[in-house]
Amino acid sequence: MRLIFYFSFVFLLQNISFAQNNAKIEALLAKMTLDEKIGQLNQVPGDISTGTDVKVDNILVQIREGKIGSLLSHTNFDNKIIMQQVAVKETRLGIPLIFGFDVIHGYKTIFPIPLAQAASWNLKLIENIEQVSAMEAAADGQNWTFSPMVDVTRDPRWGRAMEGAGEDPYLGSLIAAARVRGTQGRSLSDPTTLAACVKHYAGYGFIEAGRDYNTVDMSEQRLREIVLPPFKAAAKADAATFMNAFNTLNGTPASMNKHLITDILRGEWNWKGMIVSDWNSFGETIVHGAAADDEDASAKCLNAGSDMDMAGGTFQRGLKKALENGKVTQAQIDEAVRRVLRLKFELGLFDDPYKYLNKERHKTNIEKKEYRTLARTAVAESMVLLKNNNDVLPIKPTTTKKKILIVGPYADSRGNKDYMSFWTLGLGMRDYDSTKVVTPAQGLKPALEAMGYEVKVAQLGKNGTYDVFAQKDAYEASAGVDLIIACVGEQGMNCGESRSVADIHLPGNQEEMLKTLKTRNVPVVMVLFNSRPLVFNWASENIDAIVVAWQPGFETGNGLADLLTGKTNFTGRLPITFPRNLGQVPLYYNHLSTGRPQTKFGTLWTSGYLDSETTPAYPFGFGLSYSPVDYSEIRAERSTIGNDETFVANITVTNNGKMAVDEIVQCYIRDLSADIARPVKELKSFLRVHLEPGDSKPLQFNISPEDRSYWNQDLKFKCDPGQMTLFIGSSSEKVKKMEFNVVK
Ligand code: BGC
């Protein structure tokens, strides 16, 4: 009762403040000239640039002239104060600026990349990471982050796969909402939170051939079923802003795609926020060949429902002309300006423009010790154990001074942004302090020495490059050791935007190094630092234990040591499929059956390859732990239900190992007789269950009519009677199953 009263009260306050803001916005709008309005729609880049260079001549002059409404990518705190002072004190109307920034996996404290965080399947952890990241960024004067990136992708070639939550729309939706909650907190006006920006709307994860910025073409069904759910979830979680995508979608650039923006986002979902372009994506409509010039591009983007122009200056050059020539109306411009002003009001910037520029918070709220602790937990929860032959891991204490070698190009690298990604702009682009990263060697060496080992470190190659070391260095370093930990992978700077690859093999001569090390006939543990699924079939067959570490951030070595020494158990599960061959891509668990599914490699006239299995190297949802968990058969009281009823299933999970574990129990369905072909499996739910050794826990899963609904031939979202399969298991492949019937 009290809770209902509390929420009604909060709701009432929100409505009052919304109405008050509206009145203030209208009063301000009435005073603004056309140029001032267009200025509010202009966002200008700062001291860090992620796109093609845009000339920023004298930002202060432009602010003074009312030509800038927002800035992005400014790292310098004091400069932000100066700019805000100019906006507030030296412009006619004193409208404050908003500062936007890409806070992708931490601001000053660097956490695992978002794809790694997704591998934790831990929504609370992800929310906490976003909360801390927002706190640090807000303490540095930022008000708005260009995050979360919620693009579902099935393409490991794409450099930006690392920024999202992987291939599944359900997991992706939960994570999208968690990120928004963590970033925005309870109130946008709280100066320790940021406004979120959900990106890239939409389709970007499906670029052809995994090549960044490329074309996207897909059915409306796929769009609605796979791409849009995380956006919808983020909109529902009240994300303040959205960002357009660079790509065309079915021929129309996303920034001028009325169907996406006006019909779906603002229409069907009734979302009220502001939409910013991606970096010059209004201008790029001209390069796409979908607009003639700045005027045409401005008109088309505004008409579609986009509001703010990031970094391109297209609106500055073209919007006035578009109005003069009747291609847009004054009312449309006003509406876009209203949305920008509303965001500024909601952030509290009109009440206090320096709210986020507090010198005290700037000193105290950045790089706190507890942020590091959270980062260490996040590292341990996001790594995934793919193989562990003969229980090589965890490493057990020794009394006989056994020797361990930590070796490879990523054993102890100080390469630029290694163990993280280019998307750590809060540290600057290049001249950041790399000693803040605990490397694998720095974390593992003391932990292993404390267990009685003699530890040797051989960092091969200079600064994390993988082609410049000699195999003889690896061979010599491994002489006389009892266990080898080989740290391999990708350079940090090769992860992120504009960093697509055409070959996803473990790069350089690293596989050769693994082969060299294996000639020593001692167990080898491979630790992979990666931003995307890579192909490493030789290692899968020959290396004793394999850990996917992703790019883990500052606490790399500590989190890794916690896992390898068994201080913590592995819980991570792959949020994206790892293929055997690049030729299988796109390879994803929730595919359709085809009329000729292949069950055995080499069977002609079935859907397969002559030269490769169709199955993945490691499927979606897969990950081992140190404690094998047993799944009972699935039980259900009723195996036939009505179309408007929920199907209830039960299963018991038992920890048969010697360590406590958090098991991620996954529940999938398949609709066997729908109106259209449905995926062979779709994740519908998962539970994270803590099991002490010997624990057995009964679990229940509910499959509601909404869970069974899909976009049918008439593009209606509905469920229908028919036969279904329910799967519950530890991955998308290792499952128990049961059939059930849905009747009218
Ligand atoms: C990226 C966005 C990013 C923006 C600002 C663009 O190139 O696509 O994701 O937010 O730059 O840095």
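No value in this document is a laboratory result; all are computed from the given coordinates. From a predicted model like this one, the values you see are computed outputs, not experimental measurements. Cβ sites come from the backbone with ideal geometry, for glycine too, and all protein chains shown count toward neighbours.
What to note about this one:
- Mean Cα-pair separation over length for the chain, i.e. relative contact order, pairs under 8 Å, 6 or more apart, %: 12
- Counting only residues at least eight positions apart within a chain, or on another chain, the aspartates and glutamates with an alpha carbon under 19 Å from that of LYS737 are ASP630, GLU633, GLU637, GLU663, ASP671, GLU682, ASP707.
- Theoretical ellipticity at 222 nm over the chain - DSSP helices of four or more residues, -39500 (n - 2.57) apiece, nearest 500: -8500 deg cm²/dmol
- Inter-probe distance in nm under a simple model that places probes 7 Å from Cα toward Cβ, at LEU34 and SER187: 4.0
- Put a dot 7 Å past the Cα of SER593, heading toward its Cβ, do the same for ARG635, and the two dots end up 3.0 nm apart.
- The count of lysine pairs in region 562-709 with alpha-carbon distances below 24 Å, taking only pairs 8 or more places apart or on different chains, stands at 5.
- Full extension of the chain between GLU90 and ILE16 yields a length gain of 23.5 nm, computed as 0.36 nm times the residue separation minus the alpha carbon distance.
- Structural descriptor for region 641-700: relative contact order 47 percent, calculated from alpha carbon pairs under 8 angstrom and at least 6 residues apart.
- Summed residue charge, Cβ within 10 Å of ALA178's Cβ, Lys/Arg positive, Asp/Glu negative: +1
- Charged neighbours of VAL735, selected by a Cβ distance under 11 Å, balance to +4 (K, R count +1; D, E count -1).
- The largest-to-smallest principal axis extents of the Cα set in the chain are 79, 64, 57 Å.
- Straight-distance crosslink candidates among aspartates and glutamates, where the alpha carbon sits under 18 Å from LYS320 and sequence neighbours closer than 8 are dropped: ASP35, GLU36, GLU65, ASP293, ASP294, GLU295, ASP296, ASP307, ASP309, ASP334, GLU335
- Spatially proximal aspartates and glutamates relative to LYS716 (Cα-Cα < 12 Å; intrachain offsets below 8 disregarded): GLU220, GLU225, ASP675
- 12 Å beta-carbon shell around MET135, net charge (K/R +1, D/E -1): -3
- Legend: residue pairs LYS37/LYS236; LYS258/LYS355; LYS232/LYS344, Cα-Cα distance threshold 27 Å; pairs beyond threshold, LYS37/LYS236; LYS258/LYS355.
- Taking 0.36 nm per residue of separation and subtracting the current Cα-Cα distance, fully stretching the chain between GLU220 and PHE77 would add 47.0 nm.
- Over 32 Å between alpha carbons, listed pairs LYS67/LYS199; LYS89/LYS368; LYS124/LYS456: LYS89/LYS368; LYS124/LYS456
- Sequence-separation-based contact order of region 36-364, relative, with Cα cut under 8 Å and 6+ spacing, percent: 18
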